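*Asks:* Sharing a structure below in structure tokens format, with a few things to ask.
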Amino acid sequence: MIELGMLICRDRELADLTAVVDTAASRPVAVLLLGDAGLGKTALLAAAAAHARGRGYRVIAPPAGPVRPFGLLRRLVAAARVETTGRPRRILLALNAGQPIDPADERALLTAVLLVLDRLTERAPLMLLVDDAHRADRGSLRLLTQLVRHASAERFVLLLAARPAGLPAEIGPEIAPYHLAPLPDDAAARLLDTRPAAGPGPARRDILRRAGGNPLALLRLADPVAEVPGEFTRRVEALPAVTRRLLLHAAIAADSEPAGTVTRAAGGADDLRDWLPAEHAGLVGIVDGRVRFRHPLIRLAAAAGDVASAHGNLAARTDDPHHRAWHRAAGTDRTDETIAAALDETAELARRHADYYAEARALQAAAEGSPGPADAARRYARAVFAAYRSGDPRWAVELYERAAAVTGDPDILGAAAGGAGLALCHSGEPARAFELTRAAVLRRPGDGQVAMTVVAVAATAALLSGDAGQRRQLPALLDLVGDDSAGLGEAMIPRAANPYARASVMAIADPDGFRGCDEEPDGTAMTGLTEVARMLFTGTVAWLRDDSARAAAELSAVFQAQQRAGAPGSLVARLPLLITALIDGGRWAEAQSVIDEAGQLAAAGNITLLRGALPALRDILIVLRNDRPEPADAPPLAPGNAFVESLRRRAAGLTALAAGDHPAAYRQFRALFDAAGEPVHYVLGPRSLPQLALTAVRTGRTAEATRILHRCREQAGAAPTSRMVLLLAHAAALLDDGDRAEEHFRAAVGDRDRAMRWPLEFAEAEFSYALWLRRQRRLLDARPHLMAALDTFLRLGAGAHAEQAGKYLPAAGVPEGAFAALTPQKQMIARLAATGLTNREIADRLTLSPRTVGSHLYDIYPQLSVGNRHQLRELLGDRAAGSRR
């Protein structure tokens, strides 16, 4: 039976195979699917067969069970009645009767089978399937290769699947190989997420590591009661007893443990000869002095036996104190402070090497083996930090709950609450994160850095939830932070970064009323974790205060630093801020790169926050580039997640707007605000005011949109950011059908510095202003704004925007149809060339290569019936002057 899970994350491979099947509608085609056991070859063949049947193909495959010589060909012959005479007829009759075929008759058999194929494919194409081709009879494989070689007009597809090891030589080069690779890490993580038994933390990471991207191994490892497929257990059981004992010890040993240590622990010969039967059977290899299993399910099959005793043997024989601690802990179910202390040292070593997963795993094991509850709680609390830094929020929350079950100490629980609060934010539960961290602060931990950390996390939760009530509590919580520090809180926020942490909390509480740090640093140079913490907080403040360039620079630096440090989880809650800052600043390629990297992190750690936000951010970029987003699965939102909800609404609104569906677009932008006109998210909502205004005008809802605009203007206060001035003025101009519209437009585009800081939003305002001027029949006044907007749209790659702007810029002296026939990019190149700019200057301005500009001009000249730049300047007239402006 084929498991549905074997096709999860195989979309590309399935698309390739179905394309091969479709090709057979007009000509013969053959493909050999190559891959190790468990990669999903059989499932892909079955899916390809279902696709073929859906297209009306006839599908023929050998029956299940023992392979008979020429089994596939017998089924092929039986499917058609072909009138033949002489020798081919005798061969076909013998084949139908199950009689053996003399090798000398194979050429005549080929002729007969070609006749059969010709008859079978007259009305519909044919699919021939051969699974496990490495076990098929040689005669059939030889004849199938010749069949592909000699076929020409017959409409059929031959799909074979085989393992690379032992591939028969009879499969010739006429059958194109298609290599099926293990799943990449993010795809394997998504597949694992379909199995609820996987769990968080070490279980999840160990399954992913041990499966090595093999879907079958992944599904078996995730199911505690699933049996290892018989072919693997039989191969292990066929080995001598001493070799099986070696494999058992190797299966439970760490990958880094030397083969000599494993051999001594299992009682094997020092010269490693007892490994030979397993090596000859293709089960393991000794590589660089380490044992390497050839297939993850072989390792699983080998781990059957007295595992506790094997751990004891390995602990007694290893020279590595960290491996010894692990094996001693795994080999006993008793608590032992000596073992726990050794694991604590292992955790410290892992931390120094920035391996936070290994640190959390060792601390969890140390806590579980601690005889005293205080020691256990302290170790659990440290493990929470490491787990969230490793990018596994579910694990961090589980560890917090274990700490809370064994202690009520406010300092220990406060420290644990810091990591657990961030983990809950990452899990898409900011409301729960705020309540947990708020309660931790109210317990009044004596360690001031613990309190500072927890308040900062509470602020992060409030930022994501957008809840005004939570934000109002932040200053009071900040007042409870003391000055004493016992060192536990330093693990997250170093004391030197406190001024920036306080500033970030206050900016989150009230970004419009924020005026900077109340407390300035002492000028001490910051390095390491302190500098990373500073950039994290200053980047957050910059994002809140609409300083997109600084927010992108600071948060990008933190992201790169955390990646180098192996702590990807530390910035999860800020990644959406980084991506939006990059988009707002026109750095779309960088935004796409961060989205892709964050997507891998989200899949590996099952991080709900990113899994909810990234599809929306990706769709926003796609729409801005004039493409149509593909539907994507996104997890449901927990209550109180206004940040992600607002991103989704904006993405849906932009998609509808691009499709010209103004009513649907208005509904999405209107949903960014509640019934009273308050933004659902206090930062993200107002940033879509121009789109709300535009769709309100198109749908006759200007009164409602005007009321929301007035509320946002009140919220911005007396000193709105430069960006908010732009957005508020643009929205007001769109909604105003009276005498003040131009005043609003001039306020929006009056500061040219905004064009560099928020290029798309500024260009959109210029475009709207130009259209308004055209409606007032002020065409000459409109031209510079249209030109500048089009220039920005082309530079950013905003295809739909550029296309719209280009429609309003027919060139003077050129028939409108000829100039309009040029693409928006070619129109801009023509105008810039007419101003006298060189190819290199045009290339620099439009982010192209000089060669590309020259190639475009080579096409433009004949289309406009000119031969050089001088003629182009004369033809375009005052359009060249407009380009200079």
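The values are calculated or read from the model by the stated rules, or taken from the named source; none is laboratory data. All of these numbers come straight from a predicted model, not from anything done at the bench. Virtual Cβ from ideal backbone geometry, glycine too; neighbours counted across all protein chains shown.
*Asks:* Of the residues A376, A350, A404, A396, which single one is under 28 Å from the mean Cα position of the chain (by Cα) and closer than 30 Å to L480 by Cα?
*Replies:* A396
*Asks:* Another question, then. Any residue in segment 774-787 that is among the small types (G, A, S), surrounded by 19 or more Cβ atoms within 10 Å (Cβ to Cβ) and within 40 Å of the chain's Cα centre (by Cα)?
*Replies:* Looking through segment 774-787, none of the residues is among the small types (G, A, S), surrounded by 19 or more Cβ atoms within 10 Å (Cβ to Cβ) and within 40 Å of the chain's Cα centre (by Cα).
*Asks:* Right, here's the next one. Confirm whether D11 is in contact with a strand residue (DSSP E or B) (Cβ under 9 Å, 6 or more places away or on another chain) and surrounded by fewer than 21 Cβ atoms within 10 Å (Cβ to Cβ).
*Replies:* For D11, the condition - in contact with a strand residue (DSSP E or B) (Cβ under 9 Å, 6 or more places away or on another chain) and surrounded by fewer than 21 Cβ atoms within 10 Å (Cβ to Cβ) - is not met.
*Asks:* Still on this structure, please answer the following. Could you please give the count of residues in segment 249-279 that are among the basic types (K, R) and outside any helix (DSSP H, G or I)?
*Replies:* The total comes to 0.
*Asks:* Considering A374, A350, A341, A366, which residue is surrounded by 24 or more Cβ atoms within 10 Å (Cβ to Cβ) and assigned to a helix (DSSP H, G or I)?
*Replies:* Just a single option satisfies the conditions, and that option is A366.
*Asks:* Right, here's the next one. Somewhere in segment 704-718, is a residue touching an Asp or Glu at 6+ places or on another chain (Cβ under 8 Å), part of a loop (DSSP other than H, G, I, E, B) and either at pLDDT below 95 or not assigned by TED's automatic domain parsing to the domain that holds R648 (or both)?
*Replies:* yes
Yes/no matrix, rows are residues, columns are (1) of a type in the set (F, W, Y); (2) touching a strand residue (DSSP E or B) at 6+ places or on another chain (Cβ under 8 Å); (3) outside any loop (DSSP other than H, G, I, E, B); (4) at pLDDT below 85:
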| residue | (1), (2), (3), (4) |
| --- | --- |
| H801 | no, no, yes, no |
| G817 | no, no, yes, yes |
| G836 | no, no, no, yes |
| R840 | no, no, yes, no |
| D844 | no, no, yes, yes |
| L848 | no, no, no, yes |
| V853 | no, no, yes, no |
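*Asks:* So which of L141, L167 is closer than 24 Å to A47 by Cβ, free of Cβ contacts under 8 Å to residues at least 40 places away in the same chain and in the same structural domain as R58 (by TED's automatic domain parsing)?
*Replies:* Of the residues listed, the single one that is closer than 24 Å to A47 by Cβ, free of Cβ contacts under 8 Å to residues at least 40 places away in the same chain and in the same structural domain as R58 (by TED's automatic domain parsing) is L141.
*Asks:* Could we say that E531 is farther than 26 Å from L728 by Cβ, among the acidic types (D, E) and modelled with pLDDT of 85 or more here?
*Replies:* yes
*Asks:* Any residue at all in segment 116-123 that's in the same structural domain as T18 (by TED's automatic domain parsing), farther than 12 Å from I60 by Cβ and in a helix (DSSP H, G or I)?
*Replies:* Step one: filter segment 116-123 for residues in the same structural domain as T18 (by TED's automatic domain parsing), giving 116-123.
Now narrow it down to the ones that are farther than 12 Å from I60 by Cβ: 118-119, 122-123.
Still in the running and in a helix (DSSP H, G or I): 118-119.
The answer is yes, given that some residue of segment 116-123 is in the same structural domain as T18 (by TED's automatic domain parsing), farther than 12 Å from I60 by Cβ and in a helix (DSSP H, G or I).
*Asks:* Going residue by residue through segment 209-220, is there one that turns out to be farther than 18 Å from A604 by Cβ, touching a residue at least 60 places away in the same chain (Cβ under 8 Å) and more than 23 Å from the chain's Cα centre (by Cα)? Break it down into steps so the answer makes sense when it comes.
*Replies:* If we filter segment 209-220 for residues that are farther than 18 Å from A604 by Cβ, which is where we start, we get 216, 220.
Of the ones still in play, those that are also touching a residue at least 60 places away in the same chain (Cβ under 8 Å) are 216, 220.
Still in the running and more than 23 Å from the chain's Cα centre (by Cα): 220.
Yes, segment 209-220 contains a residue that is farther than 18 Å from A604 by Cβ, touching a residue at least 60 places away in the same chain (Cβ under 8 Å) and more than 23 Å from the chain's Cα centre (by Cα).
*Asks:* OK, next. Of the residues N606, N641, only one is of a type in the set (S, T, N, Q), buried (at least 21 other Cβ atoms within 10 Å of the Cβ) and farther than 20 Å from L684 by Cβ; which?
*Replies:* N606
*Asks:* Oh, and also: Please state which one of R299, R244, R209 is part of a helix (DSSP H, G or I) and at pLDDT 95 or above.
*Replies:* Within the list R299, R244, R209, the selection yields R244.
*Asks:* Evaluate the following for D270: is it surrounded by fewer than 17 Cβ atoms within 10 Å (Cβ to Cβ) and not assigned by TED's automatic domain parsing to the domain that holds D36?
*Replies:* Considered against the rule, which asks whether it is surrounded by fewer than 17 Cβ atoms within 10 Å (Cβ to Cβ) and not assigned by TED's automatic domain parsing to the domain that holds D36, D270 comes out as yes.
*Asks:* Could you tell me which numbered condition R317 fails, if it satisfies all but one of (1) in contact with a Lys or Arg (Cβ under 6 Å, 6 or more places away or on another chain); (2) under 21 Å from A386 (Cβ atoms)?
*Replies:* All conditions are met except number (2).
*Asks:* Looking only at segment 280-294, count how many residues are touching a Lys or Arg at 6+ places or on another chain (Cβ under 7 Å), buried (at least 17 other Cβ atoms within 10 Å of the Cβ) and part of a strand (DSSP E or B).
*Replies:* Qualifying residue count, segment 280-294: 2.
*Asks:* Limited to segment 582-638, what total is found for residues that are hydroxyl-bearing (S, T, Y) and under 22 Å from L422 (Cβ atoms)? Explain how you work it out, then say what you get.
*Replies:* First pass over segment 582-638, keeping only residues hydroxyl-bearing (S, T, Y): 593, 608.
Going one step further and asking which of them are under 22 Å from L422 (Cβ atoms), we end up with 608.
The total comes to 1.
*Asks:* Working carefully through the options G585, G569, find the one that is under 17 Å from G797 (Cβ atoms) and in contact with a helix residue (DSSP H, G or I) (Cβ under 6 Å, 6 or more places away or on another chain).
*Replies:* G585
*Asks:* Return a yes/no flag: does segment 407-418 have any residue that is in contact (Cβ under 8 Å) with a residue 60 or more places away in the chain, buried (at least 22 other Cβ atoms within 10 Å of the Cβ) and within 31 Å of the chain's Cα centre (by Cα).
*Replies:* Yes.
*Asks:* Right, next: Scanning segment 681-708 for residues that are surrounded by fewer than 24 Cβ atoms within 10 Å (Cβ to Cβ), in contact (Cβ under 8 Å) with a residue 24 or more places away in the chain and among the hydrophobic types (A, V, I, L, M, F, W, C), which turns out farthest from F767 (Cα to Cα)?
*Replies:* My answer is V683.
*Asks:* Working carefully through the options P277, P240, find the one that is closer than 26 Å to A308 by Cβ, touching a Pro at 6+ places or on another chain (Cβ under 8 Å) and exposed (fewer than 15 other Cβ atoms within 10 Å of the Cβ).
*Replies:* Values: P277 fails: exposed (fewer than 15 other Cβ atoms within 10 Å of the Cβ).
None of the others qualify; the one that does is P240.
*Asks:* Give P215, P184, P224, P229 a once-over and let me know the one that is out of contact with any Gly (no Cβ under 6 Å at 6 or more places or on another chain) and under 30 Å from V21 (Cα atoms).
*Replies:* P184
*Asks:* I'd like the full set of residues that are among the aliphatic types (A, V, I, L, M) and in contact with a strand residue (DSSP E or B) (Cβ under 9 Å, 6 or more places away or on another chain), limited to segment 152-188.
*Replies:* V157, L158, L159, L160, A161, A162, L167, I171, I175, A176, L180
*Asks:* In addition: Would you pick out the residues in segment 132-144 that are part of a loop (DSSP other than H, G, I, E, B) and surrounded by fewer than 19 Cβ atoms within 10 Å (Cβ to Cβ)?
*Replies:* Within segment 132-144, D132, D137 meet the criteria.
*Asks:* If you don't mind, there's one more thing I want to ask. For P720, all conditions in the list (1) in contact with a Gly (Cβ under 6 Å, 6 or more places away or on another chain); (2) crowded, with 17+ Cβ neighbours inside 10 Å; (3) over 29 Å from E435 (Cβ atoms) hold save one; what is the number of the exception?
*Replies:* Unmet for P720, out of (1) in contact with a Gly (Cβ under 6 Å, 6 or more places away or on another chain); (2) crowded, with 17+ Cβ neighbours inside 10 Å; (3) over 29 Å from E435 (Cβ atoms): (1).
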